[in-house]
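These notes are about the structure you will find just below.
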Amino acid sequence: MNVDTDIVTLTRFILEEQQKYAPTATGELSLLLNSLQFAFKFIAHNIRRAELVNLIGISGTANSTGDVQKKLDVIGDEIFINAMKSSNNVKVLVSEEQEDLIVFEGGGRYAVCTDPIDGSSNIDAGVSVGTIFGIYRLDDSSTGSIRDVLRRGTEMVAAGYTMYGASAHLMLTTGFGVNGFTLDTQLGEFILTQPNLKIPNKKAIYSVNEGNSYYWPDNFKKYIEDLKKPQDELKGKPYSARYIGSMVADIHRTLLYGGIFSYPGDSKSKNGKLRILYECFPMAMLMEQAGGAAVNDKGERILELLPKGIHDKSGIWLGSKGEVDRFLTYL
Ligand code: AHG
Ligand code: MN
Ligand code: MN
Ligand code: MN
């Protein structure tokens, strides 16, 4: 009987990381990550029940980037805000579903940027959605303002997502690689299932909404068309196209299998659709920590962008380093 009697839960992992990497750590990030963990469990619980308790469908409102808000967008947002508020470690919160910054009372020393439900347009069809987050530590002199989040992605201390699929899957980086955890609903614990995850350096999969290709610049069109031709290194086979339409699900597949994901800017939306603070930065940090790469439409490193507004967008190309390098030759 092979029972693993020494499983690594997220809570244990966080404490071990705290001891291993930052002997001066105050434990505040550990407490924040545990509050995040609760938010993911509670959102997962509501997503699983959504069809049973009429949580599918739209809420009848729109958010500041013009997205129609689904009921689960609003519920996920409220769950997340309450979890961050009660952690007493968060001072500033940016959410896709909140027009303005939220500044909490108390002495929290972290700023959190979140997309509470990513992929919500697919939610009624049962497609995997997820919660994306990025975390900054406030400068010692800061009392909590928009300056704590209008910063380069390189200043994030942690980032990741939880995808609510067949199981809830958390991908987390605290700047020392990427680790994957799976929620065991019986135990109520996220269990370490993919330690020190690395993305394959090359993989013949591209992931982009080609419905926008009429509006792309010619060099983006040529790059994608060339992937569809017989490839010498694939013994004459072309690349495969895979596009789910939920960034979390498309990125999860890209991290595990390799390939390249893109949401480029085009002639109708110069900066594309994905928001820098709570979609591009967290996914770029994960990709780089897993050995991949993430650039904008000009080939600049995503993490070095400096957002001017909390809902700013950027075109993005990210995934296997070998695949991003191939894209860069078309710029
Ligand atoms: P959100 O549901 O948080 O608004 O994000 C949706 C995003 C992202 O999940 C996905 O990659 C992209 O929208 C898909 O956009 P298209 O439907 O235009 O391809
Ligand atoms: Mn949205
Ligand atoms: Mn999103
Ligand atoms: Mn969203």
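Descriptive notes on the structure:
- Accessible area expressed per residue, the chain, with surrounding protein chains retained (probe 1.4 Å, Å²): 44
- Put a dot 7 Å past the Cα of THR26, heading toward its Cβ, do the same for LYS85, and the two dots end up 2.3 nm apart.
- 12 Å reach of a label modelled at ALA125, 7 Å along Cα-to-Cβ, counting backbone N of region 207-249: 243-246
- Solvent-accessible area of LYS273 with every protein chain in place, 1.4 Å probe, in Å² to the nearest 10: 100
- Spin-label model, VAL103 to LYS202: label points 7 Å out along the Cα-to-beta-carbon direction sit 5.2 nm apart.
- Cross-link reach is defined here as a Cα-Cα straight distance under 27 Å, omitting same-chain residues fewer than 8 places apart; for LYS235 the lysines meeting it are LYS198, LYS202, LYS203, LYS221, LYS222, LYS321.
- The C-alpha atoms of the chain define a longest principal axis, and helix 71-87 lies at about 50 degrees to it.
- Among the protein heavy atoms, those of SER240 account for about 50 Å² of accessible surface (1.4 Å probe, every chain in place).
- About the Cα centre, charge dipole magnitude for the chain (Lys/Arg +1, Asp/Glu -1 at Cβ), debye: 720
- Per-residue extension of 0.36 nm, minus the Cα-Cα distance of GLU233 and ASN34, leaves a gain of 67.1 nm for this segment.
- Nearest 10 degrees, 0 to 90: helix 10-21 Cα axis against the chain principal axis: 90
- In the chain, the DSSP-assigned H stretches of four residues or longer account for a calculated mean residue ellipticity at 222 nm of -8500 deg cm²/dmol, using -39500 (n - 2.57) per stretch and the full residue count as denominator.
- Of the solvent-accessible surface of the chain, computed with a 1.4 Å probe over protein heavy atoms with every protein chain present, carbon and sulfur atoms account for 51 percent.
- The stretch between ALA62 and THR5, if pulled fully straight at 0.36 nm per residue, gains 15.7 nm over its current Cα-Cα span.
- Length available on full extension from GLU210 to GLN19: 0.36 nm per residue minus the Cα-Cα distance, which gives 64.1 nm.
- Each Lys and Arg adds +1 at its Cβ and each Asp and Glu adds -1 at its Cβ; summed about the Cα centre, region 1-120 shows a dipole of about 320 debye.
- For the chain: rounded, prolate or oblate by the Cα gyration tensor [a/c cutoff 1.5]: rounded
- Tensor-based shape of region 10-195 (alpha-carbon gyration tensor, a/c under 1.5 rounded, otherwise prolate or oblate): oblate
The values are calculated or read from the model by the stated rules, or taken from the named source; none is laboratory data. Not measured: the values here are computed from a predicted model. For neighbour counting, all protein chains shown are included, and Cβ atoms are generated from backbone atoms with ideal geometry for every residue, glycine included. Only protein heavy atoms, including side chains, enter the accessible area calculation; ligands, DNA and RNA are left aside. Shrake-Rupley method; radii C 1.70, N 1.55, O 1.52, S 1.80 Å.
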